[in-house]
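Just below is one structure, and these are the notes that go with it.
The values are calculated or read from the model by the stated rules, or taken from the named source; none is laboratory data. Please read these numbers as outputs of a predicted model, since none were measured by experiment. Cβ: placed from backbone, ideal geometry, glycine included. Neighbour counts: every protein chain shown. Please note that ligands, DNA and RNA were not included when accessible areas were found on the heavy atoms of the full protein model with its side chains. Shrake-Rupley method; radii C 1.70, N 1.55, O 1.52, S 1.80 Å.
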Amino acid sequence: MPEYVKLIYGEKTYELPIVVGSEGEKAIDISTLRQTTGLITLDPGFGNTGSCVSSITFMNGEKGILRYRGIPVEQLAEHSIFTETTYLLINGVLPTRKQLNAFSILLNDNSLIHEDMQSFFQSFPRASHPMGILSSMVTALRSFYPEIKIFEEEINLTVTRLLSKIRTLAAMSYKISRGHKVVYPRPDLSYGANFLNMMFDNPVKPYQIDEDLVKALNVFWILHADHEQNCSTSTVRMVGSGRVNLYAAISAGVAALWGPLHGGANQAVIEMLTKIREEDGGNVNRAVERAKDKNDPFRLMGFGHRVYKTYDPRARIMKRTCDLVLEKLNITDPLLDIAKNLEAVVLKDSYFIEHNLYPNVDFYSGIVLRALGIPTNMFTVMFAIGRLPGWIAQWKESVDDPDWRLSRPRQIYAGPPSLNYVPVDERQ
Ligand code: CMC
């Protein structure tokens, strides 16, 4: 029995249908609202707006649930590898052994970067942020790997190229930024091992691959692989809705992820913890008080989430991974002690309890990345590599949707009424 909500406006009553998702979430379908009533909805930040119907990721922010294609992220983090989760997100089902092997071979076959692209890296000023470089390089891929005329083949090849080359681009940008010779991908290494090898191998000290660290990297990427309609994914869908090529849509996603309220938070967390250490001797109280002060724009980085109003399930896994990595490497990180102390204080503080502010995925991820040797300014690039399968899956879903339309929100205009142009010499 279809459900409706009644909207009474003026003399009339309108019935708006309710759409029900497979987990019972409900939405009011307002697609005919303006046409029938002349009204639009207003929802800054889109906190109450569903932009699509999607079968990829399910989140329940109140219960702390995250599933990709129905499978809990906890199970994937424990048992899967990043390439398998990537296949799952993009194709909708887990691959068979044969499919996974074929996918890995395809990724290997497409892992090299056109040699001419190396000169692009050399031309960026040394202080450029790696996210700016990555966004530009992803767009540039289009010029080096131009269109094929068969749409399906074009998509599949572009998807594989992006997944494989983004990892090579990231490692290459790191090597070039240090003035070192680039390390090429090796066909005998897994996706994660290859990345670490391209980052850290050098002629003086060959990189020793440690499978536990590769596992930690896989967990990091799996936890970031998709998060339904977040800022960067919505950007990819929106830019893609103009029917731009996939490289351009992904490049826009990279740019959106860069912001400190979104993917840039992992870098901001480490910077915040470092400041607490250097300026407050590791005492977290000043940071906590500043975060609660409404006259101070400071926020605790790594806390709070638009959807999760409980502990972010990814943060729990990341915290465990953090302990495992530090134990494995037999290192201590003073920032981890500060982070744990900060979390303990925050979880007992009435301001954070009342505002439902808990650690999010970015809170512990920076410490894991630091332990792996990733420089702080590359943290968000690591997030981007992880989020790429989600962006692609979401873009593909929107392309395959028969009701795919150009994204074009409306607004309520609050500027001046109609005015006449005044010639420059007559202006007061
Ligand atoms: N520290 C202190 N107060 C906070 C924080 C924080 N980290 N986050 C939210 N608040 C307060 C905020 O001041 C507001 O208080 P009040 O209602 O009294 O004015 C209330 O909580 C709601 O905040 P909001 O900004 O309206 O909530 P939002 O849903 O728009 O913000 C957020 C979500 C993630 C942008 C925000 O929590 C934040 O800025 N967190 C820090 C940055 C961060 O860690 N971002 C990573 C998010 S997870 C990775 C990802 O998915 O990208």
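Based on Cα contacts under 8 Å between residues 6+ apart, the chain shows a relative contact order of 19 percent. Could you compute the net charge surrounding residue 277? Neighbours are other residues with a C-beta less than 14 Å from the C-beta of residue 277; K and R count +1, D and E count -1. For residues surrounding residue 277, the net value is -2. Specify the angular offset, from 0 to 90 degrees and rounded to the nearest 10, of the alpha carbon long axis of helix 191-200 from the longest principal axis of the alpha carbons in the chain. Approximately 60 degrees, to the nearest ten. Within the same chain, aspartates and glutamates fewer than 8 places from residue 340 are excluded, and of the rest, those with a Cα less than 19 Å from its Cα are 271, 278, 279, 280, 289, 312, 323, 327, 349, 362. Estimated translational diffusion coefficient (Stokes-Einstein, Kirkwood radius over Cα pairs, 10 °C, 1.306 mPa s) of the range 265-372: 114 µm² per second.
Computed over protein heavy atoms with a 1.4 Å probe, the accessible surface of the chain works out to 53 Å² per residue. What FRET efficiency would be calculated for the residue pair residue 22, residue 356, taking the C-beta separation as r and a Förster radius of 25 Å, to the nearest 0.05? With a Förster radius of 25 Å, E is 0.45. Checking the cross-link filter: which lysines have an alpha carbon closer than 20 Å to that of residue 175, excluding same-chain neighbours under 8 positions apart? In chain and number order, the partners are 165, 205. What whole-number distance in Å separates the alpha-carbon centres of the range 1-51 and the range 70-86? Between the Cα centres of the range 1-51 and the range 70-86 lies a distance of 35 Å.
Of the accessible area of the chain, computed with a 1.4 Å probe over protein heavy atoms only, carbon and sulfur atoms account for 53 percent.
Taken over the chain, the ratio of Cα radius of gyration to 2.2 N^0.38 Å equals 1.07.
Axis angle, to the nearest 10 degrees, between helix 130-144 and the longest C-alpha principal axis of the chain: 80 degrees.
Partner lysines whose Cα lies under 22 Å from the Cα of residue 294, excluding those fewer than 8 positions away in the same chain, are identified as 275, 309, 348. What the phi angles of the range 114-120 give under the Karplus curve with 6.51, -1.76 and 1.60, with θ = phi - 60°, is a coupling list of 3, 4, 5, 5, 4, 5, 4 Hz, glycine and proline written as x. Dipole orientation for the range 70-259: of the candidates 108, 177, 93, 177 has the Cα lying most toward the positive pole (charges on Cβ; Lys, Arg +1; Asp, Glu -1).
Against the main long axis of the alpha-carbon atoms of the chain, helix 231-241 sits at an angle near 70°. Dividing the helix sum by the residues of the chain, where each DSSP H run of 4 or more adds -39500 (n - 2.57), gives a mean residue ellipticity at 222 nm of -16500 deg cm²/dmol. Mean sequence separation of contacting Cα pairs (under 8 Å, at least six apart), scaled by the length of the range 265-372, corresponds to a relative contact order of 41 percent.
Between the C-alpha center of the range 188-245 and that of the range 345-380 there is a gap of 19 Å.
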